[in-house]
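Visitor: What follows is a single structure, and I will ask about it in a moment.
The values are calculated or read from the model by the stated rules, or taken from the named source; none is laboratory data. Worth saying up front: this structure is predicted, and the values here are computed from it rather than measured. Positions of Cβ are backbone-derived with ideal geometry, glycine not excepted, and every protein chain shown enters the neighbour counts. For accessibility, only protein heavy atoms count, side chains too; no ligands or nucleic acids. Shrake-Rupley method; radii C 1.70, N 1.55, O 1.52, S 1.80 Å.
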Amino acid sequence: MCFDMKLRLAVCVGLLFSVFYLTRTYGQQSSDSVLYKESISKIHQVYLKEIGDNAQIYHGTEFIRNGQKANGFPFYQSDNMIAGSVYYQGMTYPNQNIYYNIVSDELITNNYTKNAFIVLAPEKVDSFFIQNHVFVPLTASKSNRLENSGYYDRLWAGEPGVYARREKRLVVGSGSEETKYIQHEDYFIEIKNVFYDVDGKRALLDILKDQEDVLKKYIRTNKLNFKKDLESSLVLATIYYSQQKH
């Protein structure tokens, strides 16, 4: 083993020992300790720096962007990379520049040297956070009523939960029509790991029918407009429902 590898191994072992010590020292007193969180964060950053391109997040298949001209872009929110956090194989990678391609449902980041793009293996992604949204991988099955496996935007993590499936498709124009990306969202109410498709107020009230009258009053009082802003209306109404149940 070369000296450099031995040095890196020694550093990593030392960092792991530090994490263990801090967990015992501060974790027993208060897991919410600011000092504890800051210390763990700094150790984590040093650890990632030391292992460099050996980090699992820098290994994947190369992403080559479609060169077809079109109005719009295939990614979520922006045509530029967005800083976010990725929880990958049990390890958190903060301040990671990422694309979320919602045409192909792929999470993309830079390689270690930042001279290429790589697609992260979906089975290794635990979750990722961009633009104040948390995306989690869900697997479709007959029991949970989901038709498509992939990443879902977890809008509300309570009971019930609210999820969105965000997709774009490339529509090729004919004649004088332009080629463009069209975005679409599907929304779901999750109750005990069963996902119910919801496309408006009536569908929501049917799912949460045990509190229908209470929800109708809340929706009316707060002037929730499901036709103009379906996403916010679903989230607010579901949060209110959850508060009534607990």
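Visitor: With respect to the cross-link table entries K201/K223; K168/K227; K69/K227, which display a Cα-Cα separation exceeding 24 Å?
Guide: K69/K227
Visitor: Now for a different question. Report the convex hull volume per residue for the stretch 61-189, counting only C-alpha atoms, in Å³.
Guide: Normalising the Cα hull of the stretch 61-189 by residue number yields 128 Å³.
Visitor: Considering only protein heavy atoms and a 1.4 Å probe, what is the carbon-and-sulfur percentage of the accessible area of the stretch 58-190?
Guide: Answer for the stretch 58-190 is 45 percent, counting heavy atoms of protein chains only.
Visitor: Moving on. Would you kindly state how much longer the chain becomes between E177 and K142 on full extension, computed as 0.36 nm times their sequence separation minus their alpha carbon distance, in nm to one decimal?
Guide: So the chain would gain 8.6 nm between E177 and K142.
Visitor: Can you give me the long-range amide H partners of E106? Hydrogens built in the peptide plane at 1.01 Å from N, cutoff under 5 Å, separation of 5 or more residues or another chain.
Guide: N101
Visitor: Shifting gears a bit: How big is the convex hull of the Cα atoms of the stretch 62-112, per residue, in Å³?
Guide: 95
Visitor: Moving on. Can you pull the one-decimal nm distance between simple spin-label points at K228 and M81, each 7 Å off the Cα toward Cβ?
Guide: 3.9
Visitor: Convert each backbone phi in the stretch 136-151 into a coupling constant with the Karplus relation 6.51 cos²θ - 1.76 cosθ + 1.60 (shift: θ = phi - 60°), then list the ³J(HN,Hα) values in order as whole Hz, x for Gly and Pro.
Guide: Calculated HN-Hα couplings, in order: 10, x, 10, 9, 6, 7, 5, 6, 9, 6, 7, 8, 10, 7, x, 8 Hz.
Visitor: Then there's this: Taking only protein heavy atoms and a 1.4 Å probe, what accessible area per residue, in Å², does the stretch 122-238 have with all protein chains in place?
Guide: Ligands and nucleic acids excluded, the result is 59 Å² per residue.
Visitor: Among Y240, A203, Y181, whose Cα sits farthest toward the positive end of the charge dipole of the stretch 165-246 (+1 at Cβ of Lys/Arg, -1 at Cβ of Asp/Glu, about the Cα centre)?
Guide: Of Y240, A203, Y181, it is Y240.
Visitor: So what are the ³J(HN,Hα) numbers for the stretch 153-169, from phi and the Karplus equation (6.51, -1.76, 1.60; θ = phi - 60°), rounded to whole Hz, Gly and Pro as x?
Guide: Listing the rounded values in order: 7, 8, 7, 8, 9, x, 10, x, x, 10, 10, 10, 9, 9, 9, 10, 9 Hz.
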